[in-house]
Amino acid sequence: MSIHLSASEKSYLWVNYMVDSMAICVIKYFIEKCEEQEIEEILKYALDLSQLHTNKCAEFFTDEKIPIPIGFTEEDVNASAPRLFSDEFVLFYLHQVANLGLSYYSKALSMVAREDVHDFYKECITSSTELNSRTKELLLKKGLYIRPPYIPDQDQPEMIEEIGYLKGFLGEKRPLTSLEITNIFFNIQTVEVVKTLLIGFAQVVQSKDVRDLLRRGKELSTKTIKQLRTLLEDEELSSASPWYTYVSDTTTPPFSDKLILFHGAILNGGGIDQYGFSLATIMRRDIGARYAQLITEMMTFADDGMNLLIKNNWMEQPPMAAERKK
């Protein structure tokens, strides 16, 4: 019996194709500008993965007689454009991309059932794990990896005894838990990468509307970093940021405005997902309120970005249910 793709399988494969076709353009440009051989090798590995993923997704669509998305093509990248970011930043960017990939593929694996699609996402998790390992090892080797803060060891297990453990708005606040520290720290690192990308992208886009939106995103990122960093510094914990987030002064665009805006939308969605996980695991109400506020602000920013994509006829329609009323 032929088992058709379910809605969840169609949706994950569709997003997969769109993101990886974009990644192919971005990575090709980074390879063209890369001067560090070890970083270039990892970029080529990442490029092979994205090409493999788009080809496999296209096979699924073709077999099901579903139109293959347009996605992004050679028209969306100018590999001869001058360098925009440093090789060190590109390495850190790749590490963050691998982390986002692991999160996405894990969700996909849990929500697909057809055997061939399930096997595809098992392979995606394996390859993303390898990309995560390669980027992390090179960051450590170069002395660029920023470790989370260290905290004292407990002498013995303890139970929560105070009713006010969840409080945080008034009175004395309890120290942060290790999980709260972890999420805050890695959220800061992620937003630092996004902020650097937005600075570079705002510098090279052609559309004033897109440039204004990216600058808004940069301001939101700056505010978010300050708010999250304060949570750690109030506990006298380290909140170090990458020092190698280099952006050149070029104004020649390496990517189309369509690709840049879509890239921003994907990163924004990943940020909302991370904040949602952080919100679900915190145990202090003031931090929960902070994350809820950040999610609201990012969703407003995401809506404006989506409206710009639609306005410029840059947003493909994902698989949809039938319009039964018509």
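The values are calculated or read from the model by the stated rules, or taken from the named source; none is laboratory data. From a predicted model like this one, the values you see are computed outputs, not experimental measurements. Note that each Cβ is placed from the backbone with ideal geometry, even for glycine, and that neighbours are counted across all protein chains shown. Calculation scope for accessible area: heavy atoms of the full protein, side chains included, ligands and nucleic acids excluded. Shrake-Rupley method; radii C 1.70, N 1.55, O 1.52, S 1.80 Å.
Is segment 12-156 rounded, prolate or oblate when judged by the Cα gyration tensor, a ≥ b ≥ c being the square roots of its eigenvalues, rounded requiring a/c under 1.5 and prolate requiring a/b larger than b/c? Walk me through the numbers before you get to the answer.
Working: a/c = 2.69, a/b = 1.22, b/c = 2.22.
In terms of gyration-tensor shape, oblate.
Can you spot the aspartates and glutamates whose alpha carbon is less than 13 Å from LYS223's alpha carbon? Ignore those fewer than 8 places along the same chain.
Within the straight-line cut-off, LYS223 pairs with GLU192, GLU297.
Among residues other than GLY200 whose Cβ falls under 11 Å from its Cβ, what is the net charge (Lys/Arg +1, Asp/Glu -1)?
On the way: positive: ARG83, LYS195, LYS218; negative: ASP249.
Net charge in that neighbourhood comes out at +2.
Where only protein heavy atoms count, and the probe is 1.4 Å, what is the accessible area per residue for the chain in Å²? List each step's numbers first, then the result.
Details: 17590 Å² over 326 residues.
For the chain, the solvent-accessible area averages 54 Å² per residue.
Largest first, what is the accessible-area ranking of ASP286, ASP249, ASP63, ASP304 with a 1.4 Å probe? Can you show the working numbers first?
Details: ASP286 20, ASP249 135, ASP63 115, ASP304 55 Å².
These residues rank, largest area first, as ASP249, ASP63, ASP304, ASP286.
Keeping all protein chains in the complex and leaving out DNA, RNA and ligands, what accessible area do you get for VAL191 with a 1.4 Å probe, in Å² to the nearest 10?
Ignoring ligands and nucleic acids, VAL191 comes out at about 20 Å².
How much of the accessible area of segment 105-215, probe 1.4 Å, is carbon plus sulfur, in whole percent? Write out the running numbers ahead of the final one.
Numbers: 3500 of 6650 Å².
Ligands and nucleic acids excluded, carbon and sulfur reach 53 percent.
Across segment 311-318, in residue order, what do the Karplus-derived ³J(HN,Hα) couplings come to in whole Hz, using 6.51 cos²θ - 1.76 cosθ + 1.60 with θ = phi - 60° and x for Gly and Pro?
4, 8, 6, 10, 10, 6, 7, x
Which lysines have a Cα lying under 20 Å from the Cα of LYS122, excluding residues fewer than 8 positions away in the same chain?
Straight-distance partners of LYS122: LYS10, LYS56, LYS107.
In terms of solvent-accessible area of protein heavy atoms at a 1.4 angstrom probe, what is the ranking of LYS325, LYS195, LYS65, highest value first? List each step's numbers first, then the result.
Details: LYS325 210, LYS195 50, LYS65 175 Å².
Putting LYS325, LYS195, LYS65 in descending order of accessible area: LYS325, LYS65, LYS195.
Quick check on the chain: take the gyration tensor over C-alpha atoms, sort the square-rooted eigenvalues as a ≥ b ≥ c, and tell me if it's rounded (a/c under 1.5), prolate or oblate. Walk me through the numbers on the way to the answer.
Details: a/c = 1.56, a/b = 1.32, b/c = 1.18.
Taking the square roots of the gyration eigenvalues as a ≥ b ≥ c, the chain is prolate.
Of the residues ARG229, ARG174, ARG83, which exhibits the maximal mean-square fluctuation in a Gaussian network model of the chain defined by a 10 Å Cα contact cut-off?
Sorting by GNM fluctuation, first place goes to ARG174.
Rounded if a/c is under 1.5, else prolate if a/b is larger than b/c, else oblate: which is segment 28-79, with a ≥ b ≥ c the root eigenvalues of its Cα gyration tensor? Numbers along the way, then the final one.
On the way: a/c = 7.08, a/b = 2.01, b/c = 3.53.
Oblate shape, in that a/c is at least 1.5 and b/c is the bigger or equal ratio.
Could you work out [θ]222 nm for the chain from helices alone, using -39500 (n - 2.57) per DSSP H run of at least four and dividing by all its residues? Round to the nearest 500 deg cm²/dmol.
-23000 deg cm²/dmol
Where in the chain lies the longest segment free of GluC sites (Glu not before Pro) that are both loop residues by DSSP (not H, G, I, E, B) and have at most 14 other Cβ atoms within 10 Å?
Working: sites that count: GLU35, GLU64, GLU158, GLU161, GLU162, GLU172, GLU236, GLU316, GLU323.
Maximal segment without exposed cleavage sites: 65-157.
Provide the solvent-accessible area of ILE310, counting protein heavy atoms only and rolling a 1.4 Å probe, rounded to the nearest 10 Å².
Per-residue accessible area (ILE310): approximately 100 Å².
From the phi angles alone, apply the Karplus equation (6.51, -1.76, 1.60; θ = phi - 60°) to segment 268-276 and give each ³J(HN,Hα) in whole Hz, x where the residue is Gly or Pro.
Each residue of segment 268-276 in turn: 5, x, x, x, 4, 4, 5, 5, x Hz.
If Lys and Arg each add +1 and Asp and Glu each add -1, what is the summed charge of the other residues whose beta carbon sits under 12 Å from the beta carbon of MET298? Intermediate values should be presented prior to the final figure.
On the way: positive: ARG216, LYS223; negative: ASP273, GLU297, ASP303, ASP304.
With Lys, Arg at +1 and Asp, Glu at -1, the net is -2.
List the residues, sorted by chain then number, that are 5 or more residues from PHE255 or on another chain and whose placed amide H is less than 5 Å from its amide H.
Close amide H contacts, sequence-distant or interchain: ASN78.
Can you tell me the orientation of helix 115-141 relative to the chain, as the angle in degrees between its alpha-carbon axis and the longest Cα principal axis, to the nearest 10?
Taking the Cα atoms of the chain, the angle to 115-141 is about 60 degrees.
Can you spot the aspartates and glutamates whose alpha carbon is less than 19 Å from LYS28's alpha carbon? Ignore those fewer than 8 places along the same chain.
ASP20, GLU36, GLU38, GLU40, GLU41, ASP48, GLU74, GLU75, ASP76, ASP87, GLU88, ASP257
So which of LYS258/LYS325; LYS258/LYS311; LYS218/LYS258; LYS136/LYS218; LYS65/LYS311 end up more than 22 Å apart, counting from Cα to Cα? Spell out each step's value before the answer.
Details: LYS258/LYS325 33 Å; LYS258/LYS311 11 Å; LYS218/LYS258 18 Å; LYS136/LYS218 26 Å; LYS65/LYS311 29 Å.
Violating the 22 Å Cα-Cα cut-off are LYS258/LYS325; LYS136/LYS218; LYS65/LYS311.
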